[in-house]
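Here is the structure we will look at.
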Amino acid sequence: MPSRVFVTRRIPKPGLDLLAAAGVRTRIGQTDDETAVPRAVLEDGVRWGGVLVSLLTEPVDAALLALNPRLLGVANCAVGYDNIDVAAATALGIPVSNTPGILTDSTADFTWALLLAVARRVPEGDAYVRAGRYKLWGVNLMLGADVSPGGSGQRKVLGVIGYGRIGAAVARRAAGFEMDVLAYDPEARARIDADPGVAWAELDDLLAQSDFVTLHPALTDRTRHLIDARALRRMKRTAYLINVARGPVVDEAALVAALRGRRIAGAALDVFEREPALAPGLLECDNVVLAPHMASASVDTRGRMAAAAAENALAHLRGERAPNVVNSGVYETAAYRERTAAGG
Ligand code: DGY
């Protein structure tokens, strides 16, 4: 078995421990968590390794993949893999894997943390107290929006766009807030119809009826800018938008305009269109809560994601079917057979 794995940036210890226990030589492209891997380091690493373990910050494009004819796989340490040109990998005979399932609950929990934070103005309250501005309790201080029916008895509507594992987990949690749940996902119509307490809605209807719209689709050509100026105009003026999926699902410039103009009540974003850069004006909006792509960031989840990526990497190295391969058809290709015959 070829024994070299190039890890683009430092992953949590459980993943590195698994690689070490398997006797694999590991090289890490970047150990400083706040610095990106230079492209030259990435290219050297790909040439050196039998398998690449990547993070969502590295574009794994066709040119990079073509650098090493003996590269046996790419194990992305994330459930999303829009950073990888999977079509190019498949054409080259390279299996690609991800870490599905593991981060579902952490991400769903964090979606609710953001939803509650923006509706009830938690970060604003925190900043207010820290700034020494809290001198006197006031009946008009920090008024926000209810999530539960509250005194009005009015059930709120949660609109879930993208009904995969995470979208469904977010929807399940809405029961505790006595919300009505609408869901839109053309690829999950049957699952939505089968889920008690969740009703299918066309996108425009969901946008028009929801008090909270939460985004959970994968980033594809179909979902890029799914929430644009037109979609934002469909939303209620009192509604909030939450995005923990991928930044480009939202046209961020249009969102800034909607937030500035109070076209919607607010937004909470864990991801950004040109991450980590922010659209001009976003920081100045007082009705948005911002987070640094941390929805899956619990110690346990990130450790398990690293371990899953390592398990996938070891399978790629051994020429075995990776537990979480995303392009399984690759195993039937002549390109894959030639590559594995060449060895990593
Ligand atoms: C993913 O896994 O795709 C998240 O965005 C980061 O955990």
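The values are calculated or read from the model by the stated rules, or taken from the named source; none is laboratory data. Keep in mind the model is a prediction, meaning the values are calculated, not measured. Ideal geometry is used to build each Cβ from the backbone, glycine not excepted, and the neighbour counts take in all protein chains shown. Keep in mind that these areas ignore ligands, DNA and RNA; they rest on the heavy atoms of the full protein, side chains included. Shrake-Rupley method; radii C 1.70, N 1.55, O 1.52, S 1.80 Å.
Here are the numbers for this structure:
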| item | result |
| --- | --- |
| Kirkwood hydrodynamic radius of the chain, Cα pairs, Å | 21.5 |
| Under-5 Å amide H pairs with A183, H placed in peptide plane, nonlocal only | V160, A199, W200, A201 |
| For T99, distant residues with modelled amide H under 5 Å away | A78, V79 |
| Heavy-atom accessible area ranking, 1.4 Å probe, most first, across H225, H216 | H225, H216 |
| Cα convex hull of the stretch 104-290 - mean projected area over all directions, nm² | 11.0 |
| Residues L283 and R224, FRET efficiency given R0 of 30 Å [Cβ-Cβ distance, rounded to 0.05] | 0.80 |
| Fraction of accessible area attributable to carbon and sulfur, the stretch 251-344 (%, probe 1.4 Å) | 53 |
| Residue-count net charge about L283 - beta-carbon cut-off 13 Å; Lys, Arg +1, Asp, Glu -1 | -2 |
| Average accessible area per residue (Å²) across the chain - probe 1.4 Å, nucleic acids and ligands excluded | 46 |
| Accessible area of V139 in the full protein assembly, 1.4 Å probe (Å², nearest 10) | 110 |
| Estimated vicinal HN-Hα couplings, Hz - the stretch 267-274 in sequence order (Karplus 6.51, -1.76, 1.60; Gly, Pro = x) | 8, 9, 10, 9, 9, 9, 4, 10 |
| Area accessible to solvent at Y134, 1.4 Å probe radius, in Å² | 110 |
| For the stretch 120-126, 3J(HN,Hα) per residue [Karplus equation, 6.51 cos²θ - 1.76 cosθ + 1.60, θ = phi - 60°, Hz, x = Gly/Pro] | 9, 6, 4, x, 5, x, 4 |
| Local net charge near H293, Cβ-Cβ under 11 Å (Lys/Arg +1, Asp/Glu -1) | -1 |
| Under 15 Å, Cβ to Cβ, from I192 - net charge with Lys/Arg +1 and Asp/Glu -1 | -3 |
| Neighbour cut-off at most 16 other Cβ (10 Å), DSSP loop, GluC sites (Glu not before Pro), the stretch 259-344 | E284, E320 |
| The chain: antiparallel DSSP beta bridges as a percent of all, rounded to 5 | 5 |
| Sequence-distant residues sharing a close amide H with I242 (under 5 Å, placed H) | V213, T214, L215, A268 |
| In sequence order, calculated HN-Hα J values of the stretch 197-203 (Karplus, 6.51, -1.76, 1.60; Hz; x Gly/Pro) | x, 10, 10, 5, 9, 5, 3 |
| Cross-link partners of K135 among aspartates and glutamates (Cα-Cα below 20 Å; sequence separation of 8 or more within a chain) | E124, D126 |
